[in-house]
Each structure stands twice: as structure tokens, then as C-alpha cells.
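The values are calculated or read from the model by the stated rules, or taken from the named source; none is laboratory data. Source: prediction; values computed, not measured. All Cβ positions, even for glycine, are placed from backbone atoms using ideal geometry, and neighbour counts span all protein chains on display.
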Amino acid sequence: MKSKLLRFNGAVKRDPAIDAWMDERAGELGAIARQWFELMRKCGDEVQELVHDGCPVACFGDAPFGYVNVFRSHVNVGFFHGAALPDPAHLLQGAGKFMRHVKLRSGTATNISALSTLIVVAYADIKVRAVAD
């Protein structure tokens, strides 16, 4: 039977490659990425992580729920099942079937409460999906 969820091999409790990735991204954008990935890491005891497609990914076991990536002028905080997440603050961008992201820019206000809630809800959502899969 084929799994309905995207799953990644190699996720571990704390991947040193992610800390190295963060260290390579100094400055304000790197700090923004680190701040939000740390929140993903703290979602629960089952959080595991890996670098996938060149960016840090947070998983429930082997099922990914969130990622961060640093670009030239912004940071994306992304969600693998973002299209299914409630987003009353309308932070999520993207038009894909599953994924959505929040774009954060240096010097621009961030709705910290709403983004924090999205991360917590994404984690709770993937737990339900993973158990049902």
C-alpha cells in the first residue's frame, strides 16, 4: 500500500547540518530563519529534522511539516500542508496543491502570534495525518 504522505528518510532529532546551514547565513535574514526554525524544533518531542532541497526541514518523525529558507531579500517559513491550514491572518502565500509559505522581510513587521500559531497548528496537523496514514 502506498503512503499518502510525503516522507523523508534520514531525519534525526538534531541534525548538525542544520546548525551549519544556519551559521552560513549570518545577518538579519539568517537570524529570522533561525528564530522560526527554533520554534519548529520546540513543537514536540517527536520533532526530527534534516536538510532537504538545500534548506532545513522539520518533521514529525519522517513526515515533514515545516521548513525555512533564506533568499537574497527575504526568508520563507513554509508548510508542507499549508493549503489545509486555517489562516485567519492571511499570512500564507502560494497556489500549489499542498504547500504554502510566509514571506518575511528584514525591517518589515511580522505578525508573530499568527505565524507562531501556524507553526503549532502545522505540527498538530501532521501528527494527525501521520497517525492516519
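Below are the figures for this structure:
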quantity: One residue from GLY78, GLY82, GLY61, GLY66 being without any contact (Cβ under 8 Å) to a residue 40 or more places away in the chain, closer than 26 Å to LYS4 by Cα and either small (Gly, Ala, Ser) or surrounded by 17 or more Cβ atoms within 10 Å (Cβ to Cβ) (or both); calculated: GLY78
quantity: Among the candidates ALA95, ALA11, residue that is more than 15 Å from ALA122 (Cβ to Cβ) and in contact with an Asp or Glu (Cβ under 6 Å, 6 or more places away or on another chain); calculated: ALA11
quantity: Qualifying positions in the range 85-99 - crowded, with 16+ Cβ neighbours inside 10 Å and outside any loop (DSSP other than H, G, I, E, B); calculated: none
quantity: Sole residue being closer than 20 Å to ALA31 by Cα, surrounded by fewer than 18 Cβ atoms within 10 Å (Cβ to Cβ), charged (D, E, K, R) and out of contact with any strand residue (DSSP E or B) (no Cβ under 9 Å at 6 or more places or on another chain), chosen from ARG72, ARG105; calculated: ARG72
quantity: Any pair with Cβ under 8 angstrom, 6 or more apart, that starts in the range 85-113 at a residue that is in contact (Cβ under 8 Å) with a residue 24 or more places away in the chain and ends at one that is among the small types (Gly, Ala, Ser) and in a loop (DSSP other than H, G, I, E, B); calculated: HIS101/GLY94; ARG105/SER73; SER106/SER73
quantity: ALA130 under 21 Å from VAL12 (Cβ atoms) and under 13 Å from the mean Cα position of the chain (by Cα); calculated: no
quantity: Qualifying positions in the range 21-32 - among the hydrophobic types (A, V, I, L, M, F, W, C) and either in contact (Cβ under 8 Å) with a residue 60 or more places away in the chain or assigned to a helix (DSSP H, G or I) (or both); calculated: TRP21, MET22, LEU29, ALA31, ILE32
quantity: Qualifying residue in the range 11-20 (condition: buried (at least 16 other Cβ atoms within 10 Å of the Cβ), in contact with a strand residue (DSSP E or B) (Cβ under 7 Å, 6 or more places away or on another chain), touching a residue at least 40 places away in the same chain (Cβ under 8 Å) and under 23 Å from THR110 (Cβ atoms)); calculated: no
quantity: Residue match in the range 100-109 (condition: under 14 Å from the mean Cα position of the chain (by Cα) and part of a helix (DSSP H, G or I)); calculated: no
quantity: Of all residues in the range 1-30 being among the aliphatic types (A, V, I, L, M) and over 14 Å from VAL57 (Cβ atoms), the one that is modelled with the lowest pLDDT; calculated: MET1
quantity: Qualifying positions in the range 35-54 - buried (at least 19 other Cβ atoms within 10 Å of the Cβ) and free of Cβ contacts under 8 Å to residues at least 40 places away in the same chain; calculated: PHE37, GLN48, GLU49
quantity: Among (1) in contact with a helix residue (DSSP H, G or I) (Cβ under 7 Å, 6 or more places away or on another chain); (2) at negative phi - the single one GLY61 does not satisfy; calculated: (2)
